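Each reported figure results from applying straightforward, stated rules to the coordinates on display, with no laboratory input. Owing to the predicted nature of the structure, the values given are computational and were not obtained by experimental measurement. Neighbour counts are summed over all protein chains in view; Cβ atoms, including those assigned to glycine, are modelled from backbone coordinates with ideal geometry.
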Amino acid sequence: MASVHESLYFNPMMTNGVVHANVFGIKDWVTPYKIAVLVLLNEMGRTGEGAVSLMERRRLNQLLLPLLQGPDITLSKLYKLIEESCPQLANSVQIRIKLMAEGELKDMEQFFDDLSDSFSGTEPEVHKTSVVGLFLRHMILAYSKLSFSQVFKLYTALQQYFQNGEKKTVEDADMELTNRDEGERKMEKEELDVSIREEEVSCSGPLSQKQAEFFLSQQASLLKNDETKALTPASLQKELNNLLKFNPDFAEAHYLSYLNNLRVQDVFSSTHSLLHYFDRLILTGAESKSNGEEGYGRSLRYAALNLAALHCRFGHYQQAELALQEAIRIAQESNDHVCLQHCLSWLYVLGQKRSDSYVLLEHSVKKAVHFGLPYLASLGIQSLVQQRAFAGKTANKLMDALKDSDLLHWKHSLSELIDISIAQKTAIWRLYGRSTMALQQAQMLLSMNSLESVNSGVQQNNTESFAVALCHLAELHAEQGCFAAASEVLKHLKERFPPNSQHAQLWMLCDQKIQFDRAMNDGKYHLADSLVTGITALNSIEGVYRKAVVLQAQNQMSEAHKLLQKLLIHCQKIRNTEMVISVLLSVAELYWRSSSPTIALPVLLQALALSKEYRLQYLASETVLNLAFAQLILGIPEQALSLLHMAIEPILADGAVLDKGRAMFLVAKCQVASAASYDPLKKAEVLEAAVENLNEAKNYFAKVDCKEQIRDVVYFQARLYHTLGKTQERNRCAMLFRQLHQELPFHGVPLINHL
Amino acid sequence: MPGLSTSSGFSNLREIKKQLLLIAGLTRERGLLHSSKWSAELAFSLPALPLAELQPPPPITEEDAQDMDAYTLAKAYFDVKEYDRAAHFLHGCNSKKAYFLYMYSRYLSGEKKKDDETVDSLGPLEKGQVKNEALRELRVELSKKHQARELDGFGLYLYGVVLRKLDLVKEAIDVFVEATHVLPLHWGAWLELCNLITDKEMLKFLSLPDTWMKEFFLAHIYTELQLIEEALQKYQNLIDVGFSKSSYIVSQIAVAYHNIRDIDKALSIFNELRKQDPYRIENMDTFSNLLYVRSMKSELSYLAHNLCEIDKYRVETCCVIGNYYSLRSQHEKAALYFQRALKLNPRYLGAWTLMGHEYMEMKNTSAAIQAYRHAIEVNKRDYRAWYGLGQTYEILKMPFYCLYYYRRAHQLRPNDSRMLVALGECYEKLNQLVEAKKCYWRAYAVGDVEKMALVKLAKLHEQLTESEQAAQCYIKYIQDIYSCGEIVEHLEESTAFRYLAQYYFKCKLWDEASTCAQKCCAFNDTREEGKALLRQILQLRNQGETPSTEMPAPFFLPASLSANNTPTRRVSPLNLSSVTP
C-alpha cells in the first residue's frame, strides 16, 4: 500500500538484472558549468595572440587543467578565477553566457554547432588529441547524444545556473532598494531558500564519473603521502557517501572509504567497506572479458589477501593468518605467482609477530626477483636488513644489502622505498651507536628532494620515513643537550603530522621520552613518573622500563627490582636485545646502589657479552662505564682506569653528553683513588689532572642541566682543591656546592654510590 | 468531524462497522485509494447493518457547497491522472476536502514527473538526484498550515508523507503520530508509521491514541519487526473479537506463520484465503515461496496460471512465475521473471534475493553477488541476502571470507539454526574446532531445523577423540529423531548407531552394544558391520561374562530419557572468536 508513493520507474540502464552506471560508456556529460568552461575555451581561441598578454595566457593555461578536472563550481566563483588570471577575458565570457542564457534554446544549439569549428582549418586552434581537444570532443559527443527533453532540461539548468550566479554578484554589489511588498516577497523566498540550503549542505551536487575518479585518486594519493593535506576523515566520508548515493556502483569509492576508516581505526566499517568493494569489483572483473575467467578469480584472491592485511593492521593475527591461508590456496589453485608472492611477504609479516625465522623472507626475496617484482623484492630486503640488524649482523653486510637494494630503487624510481632505505640507515647507525653517521643520514633524507615532487608539486611527502628520520633527529639533538633544537624539530613534527594522523604516535613517544630524560636529569622524579603513563600507552615495554628507572631513582629498590626482573624475562622471550641490555644495566645499578657490587659484576659481564655480540657499541661502552665503576667500588681503581681508557674514546666520539660527563667524572674518581698510593709530588700532579677532568665533566653536565651531578662534581672538586691547598678555588667550589645543595632535595645516597 | 471519534475496545462492532464505512467513503473522496480499500475490506468482514442503522452521509457544510463544482471537476481529472489540471482548478478552494485534493494532486504530479524524468536524466550519475520538485514547496505551505493548526487528519498525513520523502524521518514520525491522534481511522497514516519504525525501542516511546485501530497497527508492526509470537497473539485476539472473515487478517497470519517457518499452517491458511478471495494478488508471492519450499509443482503451476490471468504485470505475479520456473529448474527464465518484477518495482526486495538464488543455481556467482548486494542496499536487514552472499563465497571455497557474511546473517536472526550451522561448517573448514563446536551446540539449542547440528557436533567430538561427548550427541540425535516421529529418511541415523555400537562395545556394555548393532543391521550401509559386531559381542560374552537376564528398555526411546543427559535448552551467549566485525 505504501508503494503508491514509491517510484515505479522503468530503468533503462538495467540489463541482466544489474543496474549499470555507465551503459552508454559516457564518462562525462554536459552540465551548465561545463558550458561555461566551453565558452571560456572558445573565447581563448578567439582572442588570438595579440589581445592577451603572454603572462595572462600562461596563467590561464595553468587554470585550465583544474577547471577541466575538478568538480563543478558556481558561476560567480568561475568568474572570479578567470578574473584573477585575465580580467578582460572574464568580461567577454560573462557577456557570452548572459547572451546564451537570456536568449533562447537556439543560441545554445548554435554554440555547440560552432564548437567543432575549432578543429577545422589548415591550422586548427585546438589539436584533436590534446587535453583540451579531448575535452571538447567529449562534450560535443555527449551533447549530440541528448534527447530533446534532455536538451531542454540542460537549457533550463543553464538559465538557473546563470541566474544563481547573477543573484550572487548582485547581492555582492549592493541591494538596498526595498519597498514593503518586495521585502515581504523576499522573506518568503528566503524561507524557501533556508530549507533548500539545509538540504544542499549535505549534497553539493553530483560529480561526473571523470570528476569522481579524479577526486578519488587525488584523495587516495594524499592519504598515502601527505595525510594532513587530505580531507578530514569525517568530511571525506561525507563526500564518499554522497558519491555513493548518486552512484552506488562506483566501487572504488568503497575502497577509499576502507582506507579512510583505517585512518580512524574503525574495524567494523573498514571491513564492511572492503568487502563491499570486492563484491562490486568481482562484477566488473567478470564483465571485462579481456581476462576472461582470470579477471574474476583474480579479484577473489586479492580480496582474501586484503582481508588478511586488514586483520593484520588491527592486530588480529590469527584471523589474518586464516585469511592469508585462503588467499594462498586460491592463488595456488590458479597458478598466480604474483599474488603468491604478495602472500609470501605477508606471511613473513605475520610470522615476524611470533618467531624470527627469516627463511621465509629470504625465499620471498629470491622469488620476487625471479618474477620481476622490484617493489616487493626490495621491501623484502629492507625487512631482512631490519631483522638481521636486530639479530646482530655486522653493519657492513647490512649496508651492502641496502646499497644493492638502493640500486634497484633508483633504477625503478621507487621514491618511497628510497626514503625508507635512508630512514632505515639512520636507525641502524643509531642502533650501533654511531650518532654522527645517523645524524648525517637523517639530514640527507630531509634535504633530499623527493622524486615525486616533480609530479605533484609537493616538496616533500609526509610519509612514515620522514617521521622516523625526524624523530631520530630530535632524539639525537636532545642527547647532545641541544634541547632547543630538539623541541624545534618536535614542533615541526607536530605541524607535519597532526596528533590524530597515522604516524603521530612516533613523535608522541619521542617527545615523551625526551621530556622524561630531562625530568630525570633535573631530578624531578614526580614529573618523570607522570610521563610514564603516557609512554606506556604508546609502548608498553618502554613504559615499564621507565617506571622501573623512576622507582630506582626514588629509592624504591624492591619494587624496581621486581619490575625489572619481569621485564627481563619478557624481553628475553621476545628477543628485544637492546632492551635486555638496558634492563641488565639497571639491575646492576640497583645492586651496587644497594651496596652489593659483587653481585653486579656477573650481570654486567652478561650485558657486556650481549652488547658485544650484537655490536651495540653504545650500550657496550655504557656497560664498560658501569663495570669500571663497580671495580672502583671494589677497590681496584687501577683496573678500572685501564678499562676506562678503552671505553672513553667511543663515548667521547659518539656518546650522549650525559655519558661523556659521567665518563669524565668516573675517570677523575679513579685517578684520585689510584693516586692514594703515589708519592706526594706525583699525587699532586694526578690530582691536578683529575681536577681538569672534573671541569670537563662539569661542562658536560651543565649542557644537559644535570644539577645533581654538578653538585657532586663541585663537592669533589672542593675536596681536591682542599687537598691541593688551593683555598680560594676550594671556597668557590664549596659555595657553589652549598647553593646547589639548598636547591635540590637530598636523597640520602652517598656520593660514592653514584656513577 | 462527527462519528470519527473511536472507542478503545471492540465491544460495539456495529459502531466500528459504521466508522469503517464512513472512513472508506472519506478516503475515497480524497483519492486515497489504498486506505479506502483496506477500510472497505475490513468493513466487509463484519455483519451487514440493517437499513435503520445505516448512517446518512455527513452533512455538507457551507464551504463544501462553495467548492462543490470545482471539487467535482477536479476529482474527475484526478481520477484520470491529470493531476496538474486537477490542481489548477482547485486553486483557491477553502474547504478541507478540496484543499487536501489540491495538495495531493500537486504531490502526485511531482512524483509522476520525477518518475518520467528518471528515464531521461542528463547523465547516469544524475539519476539519484532526480527529486520531486514539488516537495519543497509543499513542505513550506503545509508547515505553515501545520503551525497554524489548520490541518485535519488527512492534511497531517500528507504533510508526513512529504516529510518522509524529504528524508526528515524524525519530523515525519511526529506528524504521523499527530495524524493518528486526529484521525485514528485512517489506515494510511498507521501504515506510514509502520514503515518508519525500525525497532522495538522506537515503538515503546510513541504515544499512540488509545483506539481499536491501534490493535491492527501493533499486530502489523510486530509482523514487520519479526516479533511473530506477539503478532500472532494480536491477530488471534482480533479474530476472536469478530474479524474472522477479514482476508487482511487471514493473510497477515499466514505471512507470520511463513516467517517462523511453520510451513504447513501457513499453507493451509493460504489455501483457505484463496478460496475466500480467489482474485487476490497481494501476498501471493509469499504463498508461492511456501509452495516452492514444499516442492508442490502442480499447485504452484496452477497458482502461476491463475495469477497470470488476473494481472500479469504485477510484481507478485512475476515473483510467482519466477518461483515456478525455478522449481522446474529453468533458472534463466526464473531470473528473467524476477528481473521483470524488479522493473515493475525496483524497491521490491524479495526479487533481488530470489534472483541471487537463481544466479547461484546457474553457477553465475558474480551476478549472484551483485544481486545480493543490491538486496542489501535496499534493505540492510535482509538476512537472506547476507546468507546468500555467504553461500556464494563458500561455493568459491573461501570459508574465512564467508564468515563475515554468515555472521551478519546470524546477527539479524540470532535464533536461526541455519546460519549457525553454516557458521559451524565454515569454522570446521578452517579447523577452528572450538568455535565450530560452539556454533553447532548453539544451533541445536535454539532448535535445529534441519536436525544436522547434532550429528555434525558428534562428528567433531569423534574427530577430537572425545568419545564420551560424541556418544552423548548421537544419543540426543537419535532421541530427537524418534521423538519427532518423522519417517523422513535420515542418512546419518546409521552412522549414529554404528558409532554408538562401537562405543558401547569399547565400554564393554554388551547389552547396549548389541541393541545398537541390531539397529545397524536395519540399514544397508552398516549391515555388515552390525553383523560382525554382533558376532564379536556374542563371542566375548560367551568367553566370560554371564549375560544379564533382563533386557533393559532401549535407551534411545523417549521413555527412557535419562534425566541427567537431557540437554538443557538454556542458551549461553555465543562468544565466537574475539573479532566479529
Problem set entry | Sequence of A:644, B:327 once ranked by neighbouring C-beta atoms within 10 Å, starting from the fewest | B:327, A:644
Exercise. Taking only the alpha-carbon positions of the stretch A:655-724 and ignoring solvent, what does the Debye formula give for the base-10 log of I(q)/I(0) at q = 0.19, 0.25 Å⁻¹?
Worked result: -0.66, -1.02
For this session: For residue A:338 paired with residue B:33, estimate the spin-label separation in nm (one decimal), with each label point 7 Å from Cα along the Cα-to-Cβ line.
Result: 5.7
Problem set entry | Helix B:228-238 vs. chain B, principal-axis angle (Cα, 0 to 90°, nearest 10) | 50
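In debye, nearest 20, what is the charge dipole magnitude of the protein assembly as shown about its Cα centre with +1 on Lys and Arg Cβ and -1 on Asp and Glu Cβ, if you could check?
On the way: 147 positive and 157 negative charges, 693 e Å.
With Lys and Arg at +1 and Asp and Glu at -1, about 3320 debye.
Subtract the Cα-Cα distance of residue A:599 and residue A:59 from 0.36 nm times their separation in residues, and report this length gain in nm to one decimal. Walk me through the intermediate numbers first.
Numbers: separation 540, 0.36 × 540 = 194.40 nm, distance 7.72 nm.
Gain on extension, residue A:599 to residue A:59, equals 186.7 nm.
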Exercise. Relative to the first principal axis of the alpha-carbon coordinates of chain B, what is the inclination of helix B:153-165, with its axis defined by its Cα atoms, in degrees from 0 to 90 and to the nearest 10?
Worked result: 60
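Full-extension gain between residue B:311 and residue B:277, please, as 0.36 nm times their residue separation minus the C-alpha to C-alpha distance. Mind showing how you got there, number by number?
On the way: separation 34, 0.36 × 34 = 12.24 nm, distance 1.49 nm.
Stretched fully, the residue B:311-residue B:277 segment lengthens by 10.7 nm.
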Exercise. Can you pull the semi-axes for the stretch A:358-510, root of five times each eigenvalue of the Cα gyration tensor, sorted largest first, whole Å?
Worked result: 27, 19, 13
Exercise. Simple spin-label model, 7 Å along Cα-to-Cβ: residue A:557 to residue B:198 in nm?
Worked result: 6.4
Exercise. Using 1/(1 + (r/R0)^6) with R0 = 25 angstrom and r between the beta carbons of residue A:606 and residue A:645, what's the FRET efficiency to the nearest 0.05?
Worked result: 0.60
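Could you quote the convex hull projected area for the protein assembly as shown, Cα atoms only and averaged over all directions, in nm²?
76.1
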Exercise. What are the chymotrypsin sites (Phe, Trp or Tyr not before Pro) within the stretch B:501-532 that DSSP puts in a loop, where the Cβ has at most 10 other Cβ atoms within 10 Å?
Worked result: none
Problem set entry | Cα-projected label distance for residue A:634 with residue A:464, points at 7 Å along beta-carbon direction, nm | 4.5
Exercise. Relative to the longest principal axis of chain B, what angle (0 to 90°, nearest 10) does the C-alpha long axis of helix B:187-196 take?
Worked result: 50
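Return the average number of partner chain Cβ atoms within 10 angstrom of each residue Cβ along peptide A:318-329. Present the calculation step by step, with values, prior to reporting the outcome.
On the way: counts 4, 8, 2, 1, 9, 5, 1, 4, 9, 3, 0, 3.
Whole-number average of other-chain Cβ neighbours for A:318-329 is 4.
Once the cut-off is 18 Å, how many percent of the Cα-Cα pairs in the stretch A:26-172 end up in the long-distance tail? Intermediate values should be presented prior to the final figure.
Details: 6023 of 10731 pairs.
The share of Cα pairs beyond 18 Å in the stretch A:26-172 comes to 56 percent.
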Problem set entry | CD proxy at 222 nm, helix term only [per DSSP H run n ≥ 4: -39500 (n - 2.57); per residue of the protein assembly as shown; nearest 500] | -24000 deg cm²/dmol
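Restricting attention to the stretch B:392-447, which trypsin sites (Lys or Arg not before Pro) occupy a DSSP loop and are surrounded by at most 15 other Cβ atoms within 10 Å? Could you put the intermediate results ahead of the total?
On the way: sites: B:397, B:407, B:408, B:418, B:429, B:437, B:438, B:442; in loops: B:397.
Sparse-neighbourhood loop trypsin sites (Lys or Arg not before Pro): B:397.
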Exercise. Picking from A:618, A:742, A:653, whose Cα lies most toward the positive end of the charge dipole for the stretch A:616-754 (charges on Cβ: Lys, Arg +1; Asp, Glu -1)?
Worked result: A:742
Problem set entry | Per-selection Rg to Rh, the stretch A:616-754 - Cα, Kirkwood hydrodynamic radius | 0.96
Exercise. From the residues A:412, A:462, A:382, which one has its Cα farthest along the dipole of the protein assembly as shown in the positive direction, the dipole being from +1 and -1 charges on Cβ of Lys/Arg and Asp/Glu about the Cα centre?
Worked result: A:382
